[in-house]
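One structure is given below, encoded as structure tokens.
What follows draws every value from the coordinates through simple rules; no lab data is involved. Model, not experiment: these values are computed from the prediction. Neighbour counts are summed over all protein chains in view; Cβ atoms, including those assigned to glycine, are modelled from backbone coordinates with ideal geometry.
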Amino acid sequence: MKPFPLSLSHAHRNLGKSGLRVSCLGLGTWVTFGSQISDEMAESLMTIAYENGINLFDTAEVYASGRAEITLGSIIKKKGWRAETERGLSRKHIIEACDAVDDKSDDVITHAGLRGSLSRLQLEYVDIVFANRTDVNSPMEEVVRAMTFVINQGMAMYWGTSRWSAMEIMVRVGAMTWSPLACGLITGKYNEGVPDCSRAAMKVSDQPAPPN
């Protein structure tokens, strides 16, 4: 497999106004990890990315019903990659997807979901946790309070948003693009048909696609 171009693999920047230094390219685990590919293939992909300067790995509790987090965490532990100021790890947290009853507050749901993810990842904390969608039933003050609490408890260093509308986010924030390569479509690898080992040739995952 060809290595990443140096102009891409070694490009890092601060995420927004934070001190978190991340690679401009990240490796996501949706659909593939814990589902379409083996753990051995997942480790191979992560190793190639890591050795070429990628230090941003993204996952979520709903990916393969938690199996993606288990696979990712096992690889990180096996490789001994976790260092506080060296490598980044992002994790989306979808408040609406957590198991909860009506009388639970968003604070409780957020904390329980993140603790479950940390257990599967075998980590004490993640560098950044995302609120994946806005909660129409909760005022913004409660969302901020819940996310601030997980930081104060040492479960995450930073928090951000994912797929919020422009009107829901003020200026002066950092942005992280979801699926910038459109699942590989814009790389050109499908121009002459579907390659045998490509994602499009794999068995359709049982995971629903995230809503736009």
TODO: Go through the stretch 52-58 residue by residue and turn each phi into a ³J(HN,Hα) via Karplus (6.51, -1.76, 1.60, θ = phi - 60°); whole Hz please, and just put x for glycine and proline.
DONE: 9, x, 6, 10, 10, 10, 10
Task: Ascending count of other beta-carbon atoms within 10 Å, so fewest first, for 48, 75 - done: 48, 75
Open item on the list: Within a 10 angstrom radius of the beta carbon, how do 143, 129, 194 rank from fewest other beta carbons to most?
Closed with: 194, 143, 129
Open item on the list: How would the stretch 25-69 be classified by its alpha-carbon gyration tensor: rounded, prolate or oblate, with rounded meaning a/c under 1.5 and the a/b versus b/c comparison settling the rest?
Closed with: oblate
Open item on the list: For residue 28, what residues show an amide H to amide H distance below 5 Å, using hydrogens built from the backbone and excluding near sequence neighbours?
Closed with: 58
